[in-house]
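Below: the structure, in structure tokens.
The values are calculated or read from the model by the stated rules, or taken from the named source; none is laboratory data. Everything numeric here is computed off the predicted structure, so don't read it as measured data. Backbone-built Cβ (ideal geometry, glycine too); neighbour counts: all protein chains shown.
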Amino acid sequence: MLELSAKEPLPGVDLGSGYFCCLLACDASNYTVEEVSELVDPLIDAGCVYFCCWGPDCERVHDIIDESDPYTDSVVMTTWHDKDTLEDALWFFLNVTWPDAKFENSFNASLAISIGSSEWASSTRSALEDPRAFSKMVLDKEERPNLLARVRKFFAKA
């Protein structure tokens with residue numbers, strides 16, 4: 001996990017795996033297209049082939065990543081979670097992300113990046129410390145809309 005201040009440069013990323021997934025929790029509403037690209041392009045170069053985008057203006061981040069996709073024979077998968085809580089986006093990140101078939105045999109790491117909010121970073125860190133307990137807690141919440149039904153609906157569209 002990385003916790004960055006707003007618009008802090010991304011440090012070098014080497015997860016020691018072929019390909020990985022990234023949860024990007026960021027308020028991108030004050031980022032230019034170039035600043036978003038400066039953030040995501042090094043991640044793609046390091047092997048990120050799945051981005052879960054969460055936070056204000058995350059759909060635009062998703063669109064910029066789609067435009068940055070360097071592959072012609074596969075695709076960098078992207079999802080945006082503008083209507084989800086951070087908890088729900090974290091649950092999706094931990095349980096549902098699956099790369100394009102080209103990358104699935106070397107897809108064995110994940111990176112969560114929280115930008116500009118210590119509260120988001122704390123929630124993310126807590127979820128990553130015990131992903132099974134976190135997932136159970138999210139699914140056990142009675143007041144939460146049926147998350148599994150939303151995931152099924154997501155895959156029905158894909």
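If I filter segment 7-26 down to residues being aliphatic (A, V, I, L, M) and modelled with pLDDT of 85 or more, which single residue comes out as farthest from residue 95 (Cα to Cα)?
Applying the filter and picking the extreme gives 13.
In the list 74, 37, 29, which residue meets the criterion of being more than 26 Å from residue 129 (Cα to Cα), touching a Pro at 6+ places or on another chain (Cβ under 8 Å) and modelled with pLDDT of 90 or more?
Matching residue, one of 74, 37, 29: 29.
Residues of segment 14-45 that are touching an Asp or Glu at 6+ places or on another chain (Cβ under 9 Å) and in contact (Cβ under 8 Å) with a residue 60 or more places away in the chain: 19, 26, 27. Of all residues in segment 47-106, those being aromatic (Phe, Trp, Tyr) and under 23 Å from residue 12 (Cα atoms) number 6. Residues in segment 88-132 that are aliphatic (A, V, I, L, M) and either under 29 Å from residue 5 (Cβ atoms) or in a loop (DSSP other than H, G, I, E, B) (or both): 89, 90, 94, 96, 109, 111, 112, 113, 115, 121, 127, 128.
Is it the case that some residue within segment 64-87 is in a helix (DSSP H, G or I), free of Cβ contacts under 8 Å to residues at least 24 places away in the same chain and not hydroxyl-bearing (Ser, Thr, Tyr)?
Yes, segment 64-87 contains at least one residue that is in a helix (DSSP H, G or I), free of Cβ contacts under 8 Å to residues at least 24 places away in the same chain and not hydroxyl-bearing (Ser, Thr, Tyr).
Among the residues making up segment 30-43, those that are more than 17 Å from the chain's Cα centre (by Cα) and not aromatic (Phe, Trp, Tyr) are 30, 32, 33, 34, 35. Close contacts from segment 46-60, counting a first residue that is touching a residue at least 40 places away in the same chain (Cβ under 8 Å) and a second that is in a helix (DSSP H, G or I), with Cβ to Cβ under 7 Å and a gap of 6+ residues or different chains, come to 49/103; 52/89; 52/92; 52/93; 55/28.
Output yes when any residue across segment 31-46 is under 16 Å from residue 112 (Cα atoms) and assigned to a strand (DSSP E or B), and no when none is. For segment 31-46, residues under 16 Å from residue 112 (Cα atoms) and assigned to a strand (DSSP E or B): absent.
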